[in-house]
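Shown next, in structure tokens, is the structure this report addresses.
The values are calculated or read from the model by the stated rules, or taken from the named source; none is laboratory data. Just so you know, these numbers come straight off a predicted model, no measurement behind them. Using ideal geometry, Cβ is built from the backbone for each residue, glycine included, and neighbour counts are taken over all protein chains shown. Just so you know, the surface numbers come from the protein's heavy atoms only, side chains and all, with ligands and any DNA or RNA stripped out. Shrake-Rupley method; radii C 1.70, N 1.55, O 1.52, S 1.80 Å.
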Amino acid sequence: MTDTAHGLGAGGPAAGSPGAGAEDEAVQARGKLKLAFFWAAACGGCDVAVLDIHEKILDVAALADIYLWPVAMDFKYKDVEALPDRFLDVAFYNGAVRNSEQEHMAHLLRRKAKTLVAFGSCACFGGIPSLANLFDREEILDWVYGGTFSTENPAGVRPQPRFTAPEGELTLPEFYAGAYRLQDFVPVDYFLPGCPPTPEWILKAVEAIASGNLPPRGAVLALDKTVCDTCPREKTDKKVKEFHRHYEIIPDPERCLLEQGLICMGPATRGGCGALCPSANMPCRGCYGPTREVVDQGAKMLSAVASILDSDDEEEIRLALARIEDPAGTFWRFGMAASLLGGRAFDAGSAPPDRAASATPPAGAGATPPTRAGADVAARGGKK
């Protein structure tokens, strides 16, 4: 959606404001909205972001009843399973899908909700959890249960998905080969990116849902231009001789950070955050994902870096690029699961899911790269 073309981007009237009459009338006509929030493979920041709307949470409470929010209330999954299909108006799913429990909840909420929103960068693009896709599942388990400095596990105990005890069979969620986007499992109606989404866009989404003034399904609830386009810093001629880490220099607060040799993801990142990080003298990290024209955000940023490097000397270029710390974690920090790279996890062949075929592509989010889950299955002849 973005953008202003579909109404939500233009900013609907704030709930509780003089212009909130449309929402109030809509709610009175059909009763309070029924919402659900679920937290999958994520840090919890998206749930905190819901609270960051501050006193507006009271307006949300007036518009909606919440039927699932594990981080705040003690609802059980069986309570959701007992609801009629399509009972919920909207389910907000944050976090990547990393295990079988999270996949179960993705399918359950898809069935119970009329509208499913991928909430935050992890649900939209895999997010930071999908950087683990650079390692296969066994490498991750080896490190966590034996490799870290704080691990004491002389017997080499590993979690088992199933265990038979005298009281019966106990189960744990199955740890998948990689971290996946929500759309790799179920059709998604709207994408609300950000790490976390800003309170402004959360409120716009709730208000649009309450009033029925929704953009076309598949829309991305953010701007359709880059962070660079919305950044107030002065831009001149992007030519740099070397790159720096942020702690190595004191950047000029008025000039483009990229022109000062700081890797700022603004040229490759969708706007909508208000250029929050550059405004605080920090480079954009890329959490809003790519614009609709971009297939791979990291590749787009690599292209931008190549275009501004002011040298024809091969050795000088090599040295300049060598100063970029952790290129994969810098350029694909939030989008490894959506990238063309994929990652080693998807070569491991260890019990990936195979539900990608029915996923709705994020129209308005740019071309959709092949889903990793689908690619895995295809590589093994469609077998799990």
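Values as computed for the structure displayed
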| quantity | calculated |
| --- | --- |
| Amide H within-cut-off set for T226, under 5 Å, with H built and near neighbours excluded | G271 |
| Rounded percent of accessible protein surface that carbon and sulfur make up, segment 238-301, 1.4 Å probe | 56 |
| HN-Hα J in Hz across segment 165-174 - Karplus 6.51, -1.76, 1.60, θ = phi - 60°, x for Gly and Pro | 10, x, 7, x, 7, 9, 10, 10, x, 6 |
| Under 5 Å, built H, 5+ apart or other chain: amide partners of A72 | none |
| Qualifying aspartates and glutamates (Cα of each under 19 Å from Cα of K112; at least 8 residues distant if same chain) | D65, D74, D79, E81, D85, D89, E101, E103, D184, D189 |
| Mean Cα-pair separation over length for segment 188-346, i.e. relative contact order, pairs under 8 Å, 6 or more apart, % | 23 |
| Given charges at beta-carbon only (K, R positive; D, E negative), |dipole| of segment 109-148 in Debye | 620 |
| Within segment 192-296: Cβ-based charge dipole about Cα centre, in debye rounded to nearest 20 (Lys, Arg +1; Asp, Glu -1) | 160 |
| In sequence order, calculated HN-Hα J values of segment 285-301 (Karplus, 6.51, -1.76, 1.60; Hz; x Gly/Pro) | 9, x, 6, 8, x, x, 6, 5, 7, 9, 7, 10, 4, x, 5, 4, 6 |
| Dipole magnitude of segment 106-212, debye to nearest 20 (Cβ charges: Lys/Arg +1, Asp/Glu -1, about Cα centre) | 500 |
| Label-point gap, in nm, between D85 and A72 - each point 7 angstrom along Cα→Cβ | 2.9 |
| Förster radius 41 Å - calculated FRET efficiency between V48 and T164 (Cβ-Cβ, nearest 0.05) | 0.55 |
| Rounded accessible area per residue of segment 66-197, 1.4 Å, Å² | 46 |
| Note, ³J(HN,Hα) from phi for segment 307-312, Karplus 6.51, -1.76, 1.60, rounded to Hz, x at Gly and Pro | 6, 9, 6, 8, 6, 10 |
| Segment 83-238, relative contact order in percent, only Cα pairs under 8 angstrom and at least six apart counted | 27 |
| Within straight-line cross-link reach of K225, lysines at Cα separation under 24 Å, skipping those fewer than 8 residues along the same chain | K204, K235, K238, K239, K300 |
